[in-house]
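The values are calculated or read from the model by the stated rules, or taken from the named source; none is laboratory data. Here the structure is a predicted model, which is why all the values come from computation and not from measurement. Every residue, glycine among them, receives a Cβ derived from its backbone with ideal geometry; neighbour counts consider all protein chains shown. The protein model used for the area step is the full one, side chains on, heavy atoms only, and it has no ligands, DNA or RNA in it. Shrake-Rupley method; radii C 1.70, N 1.55, O 1.52, S 1.80 Å.
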Number of protein chains: 2
Amino acid sequence: MLKTLTIRPLSLDTLAKSSLSISRNYTIGHFTPAPPLNTQDLNPRTIEAKYAVRGKIPQRAEELKKLIERNEDHNLPFNEIIFANIGNPQQLDQQPLTWYRQVLSILENPSINTENYPQDVVERAKVILKDVGSVGAYSNSQGSLLVRGSIANYINRRDGGSQANRNDIYLTSGASAAVQYLLQLLSVNERSGFLIPIPQYPLYTASIALNNAKPIGYFLDESNNWLTDPKQLRHLIQENKSKNIDLKALVVINPGNPTGSVLKENDIKEIINIAAEFGIVIIADEVYQDNVYDGEFISFKKVLSSMIRQHPELYQHVQLASLHSTSKGLGGECGQRGGYMELVGFEPEVKSIILKLCSINLCSVVSGQALVELMVNPPHDDSLPLFKEQTSTIYNNLKERALTLHTAFNNMQDVTCNKPQGAMYLFPKLNFDKLTYPKLFSKAKNEDCEIDELYCIELLEATGICTVPGSGFGQVPNTYHLRTTFLPPGTDWIHRWEEFHKKFVATYKN
Amino acid sequence: MLKTLTIRPLSLDTLAKSSLSISRNYTIGHFTPAPPLNTQDLNPRTIEAKYAVRGKIPQRAEELKKLIERNEDHNLPFNEIIFANIGNPQQLDQQPLTWYRQVLSILENPSINTENYPQDVVERAKVILKDVGSVGAYSNSQGSLLVRGSIANYINRRDGGSQANRNDIYLTSGASAAVQYLLQLLSVNERSGFLIPIPQYPLYTASIALNNAKPIGYFLDESNNWLTDPKQLRHLIQENKSKNIDLKALVVINPGNPTGSVLKENDIKEIINIAAEFGIVIIADEVYQDNVYDGEFISFKKVLSSMIRQHPELYQHVQLASLHSTSKGLGGECGQRGGYMELVGFEPEVKSIILKLCSINLCSVVSGQALVELMVNPPHDDSLPLFKEQTSTIYNNLKERALTLHTAFNNMQDVTCNKPQGAMYLFPKLNFDKLTYPKLFSKAKNEDCEIDELYCIELLEATGICTVPGSGFGQVPNTYHLRTTFLPPGTDWIHRWEEFHKKFVATYKN
């Protein structure tokens, strides 16, 4: 007789004993078929999770793009879609860096004709292939040892004297995978709290929702360049502790997404103090570290290292996960899914659990790992001049576009926008209120959407410019924003936006 | 005054109103630093999840490999590690297919010198680049439209007349990501049950554990080529329903991992009947569909399509997710992380939730998507002869090695092994019992490990051959197995294994 074959998650080896009496000739009987699953049958956390960057408005933009491609709608007042909703440089006009792509082409086919390639390209490809064997083989789960060593060197150079160790580095599929490992690891139950900036990149709220944990938003101060307020953080921590919330981690996005802010050393010190006092993990999302146009990027690792040197007794147990990616910076290789996290101050047992989570996914894409190597260990020889030229052109373009767009926003009626310091986005404020824009508020109410969502929808339908409403990132209640990248080339689209905005104000303002 | 800034997962827009009074001058106070997190502070599900394929034994093998590389241990009785623990062909001697790598090298660097490339390589690269723009750009979250179209055509060719639609296809990072989306989607709570084969590929139990759901093992019948037993499945379903378990999905791995079995049409029909009657999703892990050495691969989609044609009233609502990957087959491009799933019979609202899960990860690696295109849409022209030669050489090699290893196992004392039909593994049975191997059982007890684990450890330490004990996959209680790939080239390692086995038996058998 068959007994229960239920398996406890903890062990496969505790299967109930059973004598198998298997029949091959079970007759197919008549039955009433069951209906398919509907959303009530699904994990409610997967339904609750929101991800506006690829939500309703971008989906509508994709539809419009298809109409244009098929020549199906001759009444559209534009002939292209400007995808300003997502930091995806190579979808727009940004060309890949030659250094990256020459090496990657050899990794994919070691027998290509390389006679026109610089010698350092050929040599680097050899070094990488010696380590990984083939980009078609799984690497170890934590990632290539060579690449992890290069990352450690990069961190030490960047931070001047911190002591990075390749064993603390985990290669991940973009930074998104790192975020998901960390949130999964730290979400014990629905009382596990995560401090996240508002506005935030919605990967964080989405991942917190998927893990059934508790997001606790701290507001960034728009009147002060979107900086963090340590007093507010401490207040929130006390308040949530008193409610029995177990605060696990504090997310900082620096340079800021969607805000474009860049933290100063003192801001970082304040946050590290909080982490040290309350035992809260710092998740430092530093994927825009090479996109700083005003001031300089200072890593959490650098500040923490110096604090540990001065006061090891206070700071040696601070747990920092800092994330980086090949998707942003000046390479913008989003589709290649390269990334890594460095873990500082974590106990070995905790790191071994993270390694297991990585191993369940086998390994991150090996060509993406190689790209991380090329990013953190740029060329020194023949390829250097072109590399410098390409990266500085991209940098200058980004900076110029940021400033042009910033000026345009501040010239629009009832729009204000902080000066862009970093990242790839502007997050202008739409100063609309019920008193002066009554028609706008009643239309939004009728259509059951947010004020900024309505603005973004009308912007898209009128100009083809696709953006994301501030409500997708979070904002102080009764304020309205939107996020736009400053990646699209040229200024035509900005002029179209200005024209749209004038009409929008004329339509809805009293 | 600051009020609570807690965010409900459902909406970011319901933040409590707050007047921000931010101070920039918070004084860093003295405090008692908090200790770092330990495993008690972590999500217990991440601790419980097990993944033996990259567990203790492979980790020890990596250590040994380092000793050999550094020439640090001259007493090892072998001078190389044979990684037979994981299906990773290109880690061993398998060369990548030229067709794949030539096209990929152009995608990475469209300006390479292609004068020695066949024309169809250059043309295919153009077609792909026209669709994706650049492999450095994010694709849409579901994956490239071109690639999804090619997959649909492939499925229709393979299955002769089924009606695949590219909108039902989702490109994923290997098949592992697809499994994780599906299990996350279907895990409502701890009463959500998943029927999984025993033995199984441990990704399933690991993902079920991470989602805090309930694995329900059904035994494959070793005495009957590891086939499924519908009677047992029905018994388990009834029993678990009576315990108020909500059965969500039934996992079938065909060709089998780790068993190497291949299902016949009738086996598949029985499973589809069960799914239709009980409304259980079929997760058909078909990543080894091109690795069949005996008999033929028949897809679930093909059988389901024909059942729907005959009896739509019974089968139209059967929900099938079938998975494929570039990691296995004859290309063996594990590190490239290409894969897809086809969803049949799911409601549109359910598919939209899956699309959202994909979008939180932005997109699967675009070069991996391109590799899926090259796999499902192989060359027709200039590249065809070499492609055929390379794939048939690989196929014949795999088949020959499978048979050689199979013969070796059946010649070993107290070992039996089913004939290999498919996949990349053999799962021989170690017929050890307490009566005839008392020393073995007492040693295992002393060392607190499983019988098969002890065998695999001693095999590794004596020969350098790394395998995975059957306990990592699940097995009928008091039976012992191990999984080995038949990928390592040559027969030397097999002779070493035979020698080891003789000594093992001599040491432990009465």
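Remarks
- For B:Lys65, inter-copy separations between label points set 7 Å beyond Cα along the Cβ vector come to 4.0 nm, shortest first.
- Rounded to 5, percent antiparallel among DSSP beta bridges of the protein assembly as shown: 50 percent
- Taken over the alpha carbons of chain B as equal point scatterers, the Debye sum produces base-10 log I(q)/I(0) values at 0.07, 0.08 Å⁻¹ of -0.45, -0.58.
- If a spin label sat at a point 7 angstrom from the Cα of B:Gln163 along the line to its beta carbon, the backbone N atoms of region B:276-310 nearer than 17 Å would be those of B:301-310.
- Here the translational diffusion coefficient of the protein assembly as shown follows from Stokes-Einstein with Rh set to the Kirkwood radius across Cα pairs; for 20 °C and 1.002 mPa s it amounts to 72 µm²/s.
- Portion, in percent, of the accessible area of region A:462-510 that falls on carbon or sulfur, probe 1.4 Å: 55 percent
- Sorted shortest first, the distances from the A:Asn116 label point to those of the same residue in the other copies are 1.5 nm; each point sits 7 Å from Cα along Cα-to-Cβ.
- DSSP-defined beta bridges in region A:133-253 - what % are antiparallel, rounded to 5: 10 percent
- Backbone N under 13 Å from the B:Glu347 label point (7 Å along Cα→Cβ), restricted to region A:30-49: A:35-43
- Residue by residue, region A:71-80 carries 3J(HN,Hα) couplings of 6, 8, 10, 8, 9, 5, x, 8, 10, 7 Hz when phi is fed to the Karplus relation 6.51 cos²θ - 1.76 cosθ + 1.60 (θ = phi - 60°); x denotes Gly or Pro.
- Looking at chain A alone, DSSP beta bridges between its own residues are antiparallel in about 50 percent of cases.
- Under the combined filter of DSSP loop state and at most 14 neighbouring Cβ atoms within 10 Å, region A:185-257 retains these GluC sites (Glu not before Pro): A:Glu190.
- Shielding value for A:158-167 is 0, the average number of Cβ atoms from other chains within 10 Å of each residue's Cβ.
- Region A:459-510: trypsin sites (Lys or Arg not before Pro) in DSSP coil with no more than 12 other Cβ atoms inside 10 Å: none
- Filtered GluC sites (Glu not before Pro), region A:60-102: DSSP coil and at most 16 other beta carbons within 10 Å: A:Glu72, A:Glu80
- Heavy-atom surface analysis with a 1.4 Å probe gives region B:260-335 a carbon and sulfur content of 46 percent of its accessible area.
- Surface accessible to a 1.4 Å probe, per residue, for the residues of chain A, Å²: 36 Å²
- If you take the Cα centroid of region B:455-492 and the Cα centroid of region A:414-492, the two points sit 59 Å apart.
- The amide H of A:Tyr218, built 1.01 Å from its N in the peptide plane, has A:Ile196, A:Ile198 as neighbours under 5 Å, considering only residues 5 or more places off or on other chains.
- Gyration tensor (alpha-carbon) shape descriptor, region B:218-340, a/c threshold 1.5: prolate
- Label distances, nm, B:Glu296 versus same residue in remaining copies, Cβ-directed 7 Å point: 6.9
- Bridgeable aspartates and glutamates around B:Lys302 (alpha carbons under 18 Å apart, same-chain partners fewer than 8 residues away excluded): B:Asp159, B:Asp168, B:Glu265, B:Asp267, B:Glu270, B:Asp285, B:Glu286, B:Asp290, B:Glu313, B:Glu342.
- Measuring spread by the Cα atoms of region B:238-303 yields a radius of gyration and Dmax of 13.2, 42 Å.
- Region B:138-376: radius of gyration over Cα atoms, expressed as a fraction of 2.2 N^0.38 Å: 0.95
- Chain B and chain A together bury an accessible surface of about 12800 square angstrom, both sides counted, with a 1.4 Å probe and no ligands or nucleic acids included.
- Greater than 22 Å apart at Cα, pairs in B:Lys419/B:Lys443; B:Lys231/B:Lys419; B:Lys439/B:Lys502: B:Lys419/B:Lys443; B:Lys231/B:Lys419
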